[in-house]
Every structure is written in C-alpha cells, then in structure tokens.
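Trainee: This is the structure I want to talk about, given as structure tokens.
Quick note: the coordinates plus some simple rules give every number you see, no bench work behind them. Because the structure is a prediction, the values reported are computed rather than measured. Cβ: placed from backbone, ideal geometry, glycine included. Neighbour counts: every protein chain shown.
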Amino acid sequence: MLFVCLGNICRSPTAQAVFEHQVASEGLSDVIHVDSAGTGGWHVGESPDQRATTAARQRGYAMAHLRGRQVQAEDLQQFDYVLAMDSQNLRDLIALHRSHHPASPPAASTTPCRFLERYLPESSEQDVPDPYYGGDQGFEHVLDVIEAACHHLLADVKHRLANPEPTL
Ligand code: 4NP
C-alpha cells in the first residue's frame, strides 16, 4: 500500500499513519506493508510537517518516525495499491510511469494508480485538499477524509485477501 502526495510531509504520511494504525488494530501488520512518498523531492529525508504530526497525535496516530521520500518508477511495479491524494499527483504518477515505459499504458504492466477518495462512497470529490498553505482546520479535514477513506480501503483489502483472484 503506497500513499502518494506532492511533498510527502502532510497528506500521504498522514494516510500512512492512519492506515498503519487501522491495519495494526486488525492484526494485519505482517500482511499489509504501508508506505508513502511524494511526487516532488523537496522534502526528502525530512520529518512530516509539525502541524500534521500534532493533528494526528491528537487522534492517536504516530507520525514522528516517518521521513520524506520521492516516489520512484519501481514503486509502481512493487506496490499492489498506489493511492494518489489529488489529480495532479495522479497525473504525475502516470507521467512517471510513461517516462520509464513509453510503449505501454499504465494499467497494462503495473499497479493501477487511483484516487484515495475513490474509496469514500459518500464523496463526490476526487482530491484530498492540500493543507500546506492553509490553517490548522485544513489538517483536521485531511484527517477526517483519510480516516473515512482508509476504513473503506481496509475493508476492500481484507475482502481481496479472503477472496484471491484465480490465476491460470
Ligand atoms: P503534501 O503537502 O503534498 O500533502 O505533503 C505539501 C507539502 C509541501 C509542499 C506542498 C504541499 N511544498 O510546496 O513544499
């Protein structure tokens, strides 16, 4: 499971922390590997944004151990799920794939990249809004959306684990 945003210091590490927490609550930490990355490289090696860490901690999620990294083309082969926080992230992931595999469409040879919000049935939005240039309320909204979407995402993963697709 790879969550992707722009900087890998606000939204995607928040999603990683929330999903890690939910996965641990289900006793699945040994089965589901959770990671996050940014399409940009400005914050590689940095801790998550302090505002994101504080907001997450108040809801019981640990983020301080996470460090920023930039998404690599190999990630698109290695993870079963790649979940983008917004439309620009998704466009950048597709461009990254194309730059390494010019001949093939993204879905043909690699993990399909999707919006995380796709897992939120009540939502008509696609984007988890970028909270970086806003106030603390933006970080609470990010947590609200991510908590709900991750809940449905985990149900989807558990269903797949219980019902593996048949292979030839
Ligand atoms: P994130 O937020 O993509 O949720 O990690 C951002 C973090 C940093 C920047 C933009 C968005 N930035 O421009 O440095």
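Trainee: Kindly list the number of the only condition in (1) within 11 Å of the ligand (Cβ to nearest atom); (2) farther than 18 Å from Phe139 by Cα; (3) part of a helix (DSSP H, G or I); (4) not polar (S, T, N, Q) that fails for Arg51.
Mentor: Unmet for Arg51, out of (1) within 11 Å of the ligand (Cβ to nearest atom); (2) farther than 18 Å from Phe139 by Cα; (3) part of a helix (DSSP H, G or I); (4) not polar (S, T, N, Q): (2).
Trainee: Here's a follow-up. Could you check, for region 16-36, whether at least one of its residues is within 11 Å of the ligand (Cβ to nearest atom), more than 17 Å from Arg114 (Cβ to Cβ) and not in a loop (DSSP other than H, G, I, E, B)?
Mentor: No, because not a single residue in region 16-36 is within 11 Å of the ligand (Cβ to nearest atom), more than 17 Å from Arg114 (Cβ to Cβ) and not in a loop (DSSP other than H, G, I, E, B).
Trainee: Of all the residues that make up region 1-15, how many are assigned to a helix (DSSP H, G or I) and either near the ligand (Cβ under 9 Å from one of its atoms) or closer than 20 Å to Pro164 by Cα (or both)?
Mentor: 4
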